[in-house]
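The values are calculated or read from the model by the stated rules, or taken from the named source; none is laboratory data. Remember, it's a predicted structure, so these values are computed and weren't measured experimentally. Backbone-built Cβ (ideal geometry, glycine too); neighbour counts: all protein chains shown. Only protein heavy atoms, including side chains, enter the accessible area calculation; ligands, DNA and RNA are left aside. Shrake-Rupley method; radii C 1.70, N 1.55, O 1.52, S 1.80 Å.
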Amino acid sequence: MLATALAMISRVLLGLERASMAVAGVCFVAIVLITATDVAMRYALNAPLIWAYTLIADYLMVAIFFLAIAATQRQGQNIGVDMVVRRLPERLRAGLALLCLVLMALFMALMGSAGWDVFMDAWSNGDELAGTIPWPRWPALLLVPVGAVLLLLRILVDLAANLIAVLTGDMSIAPHRRPRVHTGFSHEE
């Protein structure tokens, strides 16, 4: 019953992660198009887009990172050192994963809280980026708590699944057993 509820919550979270990845994908395409246009304008017409660097560096790159981080966790693509860990007994591995997830959850909760405070400060003060165009700071700053909360939710779902696995011995639901998504860049293939 607990595993069923967890699976349902995970499906809802999966929808949020897919939506955030779609937005991150749109941001990536925007970066490519803006960069190509800027290069063409710079070298063909000697008239670069003065706003391109700020938009890309301070908004779009931030969006790509923070909106993709929860899906990256779900797919097992965050950095991990499993050379030693994968040789440990299954239940011990789940216990260590549980400990790591608790620490990650605490860190993401702090990051989300601090990010929200910085966002609210920028929002209420009307902070702007220094530069030719006075871009508001708050949209980029809002991405930090949004991404942190999405990752925190994924971590909490993984944490609950690992806790159930450790307590029941049913390792089939343990997130550390999910197959890692291979990108084709690994030398292990």
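State the extension gain, in nm to one decimal, for the chain segment bounded by N125 and L96, taking 0.36 nm per residue of separation less the distance between their alpha-carbons. Spell out each step's value before the answer.
On the way: separation 29, 0.36 × 29 = 10.44 nm, distance 4.34 nm.
Using 0.36 nm per residue and subtracting the Cα-Cα distance, I get 6.1 nm.
Express in Å², to the nearest 10, the accessible area of R42 obtained by rolling a 1.4 Å probe over the protein heavy atoms while all chains stay in place.
Spelled out: R42, probe radius 1.4 Å, area about 100 Å².
Using a 7 Å offset from the Cα along the Cα-to-Cβ direction at both T35 and R18, what is the distance between the two label points in nm, to one decimal?
Going from the T35 label point to the R18 one covers 2.8 nm.
Using Cα-only point scatterers and the Debye equation, what is log10 of I(q)/I(0) for the range 92-166 at each q in 0.19, 0.22, 0.26 Å⁻¹, rounded to two decimals?
-0.75, -0.87, -1.04
Out of A24, L98, L142, whose Cα points farthest toward the positive end of the dipole of the chain (charges: +1 Lys, Arg; -1 Asp, Glu; placed on Cβ)?
Comparing the listed Cα positions along the dipole, L98 ranks first.
Per-residue ellipticity at 222 nm for the chain, helices alone: DSSP H runs ≥ 4 residues times -39500 (n - 2.57), over residue total, nearest 500 deg cm²/dmol?
The helix contribution divided over the chain gives -24000 deg cm²/dmol.
Can you classify the range 40-142 as rounded, prolate or oblate using the Cα gyration tensor, where a ≥ b ≥ c are the square roots of its eigenvalues, rounded means a/c under 1.5, and otherwise it's prolate if a/b beats b/c and oblate if not?
oblate
On average, how much area does the Cα convex hull of the range 1-86 cover when viewed from any direction, in nm²?
In nm², the orientation-averaged hull projection of the range 1-86 is 8.2.
Under a 10 Å cutoff between Cα atoms, tell me which one of M41, M104, M61 has the largest fluctuation in the Gaussian network model of the chain.
Of M41, M104, M61, the Gaussian network model singles out M41 as fluctuating most.
For the chain, what is one quarter of the convex hull surface built on the Cα atoms, given in nm²? Can you show the working numbers first?
On the way: hull surface 55.0 nm².
Mean projected area for the chain: 13.8 nm², to one decimal.
Taking the Cα centre of the range 1-132 as origin, sum charge times position over the Cβ atoms of Lys and Arg (+1) and Asp and Glu (-1), and report the length of that vector in debye to the nearest 20. Let's see the in-between values first.
Values: 8 positive and 9 negative charges, 165 e Å.
Dipole of the range 1-132, to the nearest 20 debye: 800 debye.
At a 1.4 Å probe, what is the % contribution of carbon and sulfur to the accessible area of the chain?
Carbon and sulfur atoms account for 71 percent of the accessible area of the chain.
I need to check one value: relative contact order of the chain, counting alpha carbon pairs closer than 8 Å and at least 6 residues apart, in percent.
Details: 191 pairs, mean separation 53.3, N = 189.
RCO, the chain: 28 percent.
How large is the charge dipole for the range 83-163, taken about the Cα centre, if only the Cβ atoms of Lys, Arg (+1) and Asp, Glu (-1) carry charge, to the nearest 20 debye? Write down the numbers at each step before the final one.
On the way: 6 positive and 6 negative charges, 128 e Å.
My answer is approximately 620 debye.
How far is helix 90-125 tilted off the main Cα axis of the chain, in degrees rounded to 10, range 0 to 90?
Roughly 30 degrees between the two axes.
As I understand it, the dipole of the chain uses +1 on the Cβ of Lys and Arg and -1 on the Cβ of Asp and Glu, about the Cα centre. Which of G112, A5, L88 lies farthest toward its positive end?
L88
Top mean-square fluctuation among A19, A44, A109, Gaussian network model of the chain, C-alpha springs under 10 Å?
A44
Any chance you could give the angle, 0 to 90 degrees and rounded to 10, that helix 61-74 forms with the longest Cα principal axis of the chain?
Helix 61-74 and the main axis of the chain meet at about 10 degrees.
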